[in-house]
Structures are given as structure tokens and as C-alpha cells.
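The structure appears below as C-alpha cells.
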Amino acid sequence: MRCKTGILLAAVLLVVAMGCPAQQAPETAAGKQFAAWLAAFNSGDRTTLLQYLEKNYPQRISEIDGVLQFRAMTGGFELKRWNRAKRPSSRHW
């Protein structure tokens with residue numbers, strides 16, 4: 001009985017996880033930068049990723065082979081949730 005419950009729970013979690021739609025990054029400077037990186041990374045295309053690095057991180061162009069290997073290992077990423085940062089507050093003890 002315990003095994004069946006575990007299998008059922010795993011199946012339900014899998015269905016729920018598969019049903020979670022991907023989100024879009026917000027229309028902020030950080031969100032746009034992240035979305036551009038994600039699109040370039042997920043494309044798996046050397047030319048696309050190279051163009052992104054040339055424009056945004058020219059000092060990292062030499063790392064492109066490692067980035068593409070990492071992309072091949074992960075298969076890319078999907079944004080599931082974007083957490084908005086809280087404003088910093090100053091508190092004095």
C-alpha cells in the first residue's frame with residue numbers, strides 16, 4: 001500500500017509540474033537582459049550565443065565552448081517563476 005501511495009504521489013507531482021506554464025521575464029532592464037540571455041542560451045546556436053556575448057559580455061567570448069557544453073548537458077532552461085526583489089531597508093540596532 002505504501003509503495004502504491006508513493007507511486008501515485010510521484011505521478012500527481014509529475015502531472016502538476018508538467019502543467020505549470022512558463023512565465024515571461026518582466027519588462028524591466030533586468031528582465032529584458034535575462035530574457036535575451038535565456039533565448040540565446042536555449043537556442044543552442046553558436047552564432048546566436050556569440051552575438052549575445054559580443055553585445056553584452058565581450059570579456060566572456062572565450063568561454064563560449066564551455067557555455068555550449070553546459071547547454072548540451074542541460075537542454076536549456078524554462079523560467080517558472082520570477083520573484084521581485086524587495087526594497088532594501090536600513091535598520092539601525
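When you count the other C-beta atoms within 10 angstrom of each residue and take the mean per peptide, 29-37, 78-86 line up highest first as 29-37, 78-86. For Q69 and T28, a Förster radius of 25 Å and the Cβ-Cβ distance give a FRET efficiency of 0.25, rounded to the nearest 0.05.
Every number here is computed from the coordinates shown, using simple stated rules; none is lab data. If you're wondering where the values come from, they're calculated on a predicted model, not measured in any experiment. So basically every Cβ, Gly included, is an ideal-geometry build from the backbone, and we count neighbours across all protein chains shown.
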